[in-house]
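In what follows, a structure is listed as structure tokens, so that the remarks can point back to it.
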Amino acid sequence: MAIRKIARLGHPVLRETARELSREEISSPELKRLVRDMIDTMHDYGGVGLAAPQVHESVRLAIIEFSADNERYENDDGQPLLVIINARVKVLDETISGFWEGCLSVPGMRGYVERPSKIEVNYLDERGKPKTLVADGFLATVFQHELDHLDGVLYVDKITDKSKFTFNEEFARYHAPEAADEQDEGEPE
Ligand code: ZN
């Protein structure tokens with residue numbers, strides 16, 4: 001088990017365009033090790049996704065995994081581990097969905113980001129096998145967040161209403177759905 005150091009906002013690696021992985025690289029022991037380390041790192045930090053540039057590897061690789069009972073996203077279905085290599089994204093529905101996003105590279109903060117609500121992703125899995133996946137809801141947002149990392153884009157770039165960029169403590173106090181519920185008595189659970 002190896003937990004890698006996560007690059008934080010301001011580190012130049014987060015602003016680079018990551019390069020594609022070759023067939024040879026995908027089947028290499030080095031890539032298997034990198035994927036394992038990324039999984040360990042994501043679990044240790046408690047993230048729902050991680051892109052390779054966040055662990056200082058500027059290649060087009062990301063992982064996503066979250067459980068249905070994740071306390072932050074309990075209204076969404078869980079997502080078993082996905083290893084996503086050389087992904088291409090196509091927007092299927094331009095309708096915008098907004099979610100409060102966080103990022104292991106921007107610790108302690110949360111921001112409200114609007115993105116297309118339904119996408120198709122074509123990618124290679126950890127064995128180099130081509131895959132197509134249609135994602136909507138929270139999973140579509142996680143995909144777009146992670147794949148943005150490969151183009152040097154962070155969620156903070158996409159917050160249009162800067163009053164919705166907050167520390168976690170202030171999020172819980174003033175912006176969380178539970179905080180709104182408290183002010184909105186009589187609303188069914
Ligand atoms: Zn991130």
Residue tally, condition surrounded by 15 or more Cβ atoms within 10 Å (Cβ to Cβ) and free of Cβ contacts under 8 Å to residues at least 40 places away in the same chain, over region 132-147
1
Take the residues in region 134-156 that are at pLDDT 95 or above and in contact with a helix residue (DSSP H, G or I) (Cβ under 8 Å, 6 or more places away or on another chain), then tell me which one is nearest to Leu31 (Cα to Cα).
Leu150
In the list Glu146, Glu101, which residue meets the criterion of being within 16 Å of the ligand (Cβ to nearest atom), closer than 24 Å to Ala18 by Cα and in contact with a Ser or Thr (Cβ under 9 Å, 6 or more places away or on another chain)?
Glu101
Taking Leu104, is it of a type in the set (A, V, I, L, M, F, W, C) and outside any loop (DSSP other than H, G, I, E, B)?
no
Only one residue in Gly46, Gly10, Gly98 is free of Cβ contacts under 8 Å to residues at least 24 places away in the same chain and surrounded by 13 or more Cβ atoms within 10 Å (Cβ to Cβ). Which one?
Gly98
Can you find even one residue in region 75-85 that is touching a His at 6+ places or on another chain (Cβ under 8 Å) and within 14 Å of the ligand (Cβ to nearest atom)?
no
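The values are calculated or read from the model by the stated rules, or taken from the named source; none is laboratory data. Just so it is clear, the structure is predicted and the values come from calculations on it, not from any experiment. Quick reminder, even Gly has a Cβ in these numbers, built from the backbone with ideal geometry, and neighbours come from all protein chains shown.
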